[in-house]
Amino acid sequence: LPVQSAITQPRPGAAVPPGELAVKGYAWSGGGRQVVRVDVSLDGGRTWRAAELTGERPAPGRAWAWVLWELRAPVA
């Protein structure tokens, strides 16, 4: 299955001040396949940035759970 992901921060509709923005979330995949990459777009899909996978990583063959990710990016 393709990777599925959810954004947990910032909350929908939140006012974001100019400067560095931290976007956080979690991702999961099916079939025991490990999530190896999460791409995030801050401009409606025109450009994409690779998020950093954070937290503990599952052992090989044990990738049935979600992984945390974070992206820090400048915003105007």
Original post:
Want the number for VAL75 to ARG57: 0.36 nm per residue separation, take away the alpha-carbon distance, what's left?
Top reply: 3.6 nm
Original post:
In whole Hz, what ³J(HN,Hα) sequence does segment 7-17 give by Karplus (6.51, -1.76, 1.60; θ = phi - 60°), x for Gly and Pro?
Top reply: 9, 10, 8, x, 5, x, x, 5, 6, 10, x
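Report, please, the projected area of the chain averaged over directions, based on the convex hull of its C-alpha atoms, in nm². Don't jump to the answer; show the numbers that get you there.
Values: hull surface 21.5 nm².
Result: a mean projected hull area of 5.4 nm².
Calculate, for segment 3-75, the solvent-accessible area per residue in square angstrom, rolling a 1.4 angstrom probe over the heavy atoms of the protein chains. Don't skip to the answer; put the middle values down first.
Details: 5180 Å² over 73 residues.
Normalised by residue count, the accessible surface of segment 3-75 is 71 Å².
When only Cα pairs under 8 Å and 6 or more residues apart are kept, what is the percent relative contact order across segment 3-75?
Normalised by residue count, the contact order of segment 3-75 is 36 percent.
The values are calculated or read from the model by the stated rules, or taken from the named source; none is laboratory data. Predicted model only: the values in this text are computed from it and were never measured. The accessibility values were calculated without ligands, DNA or RNA, using every heavy atom of the protein model including side chains. Shrake-Rupley method; radii C 1.70, N 1.55, O 1.52, S 1.80 Å.
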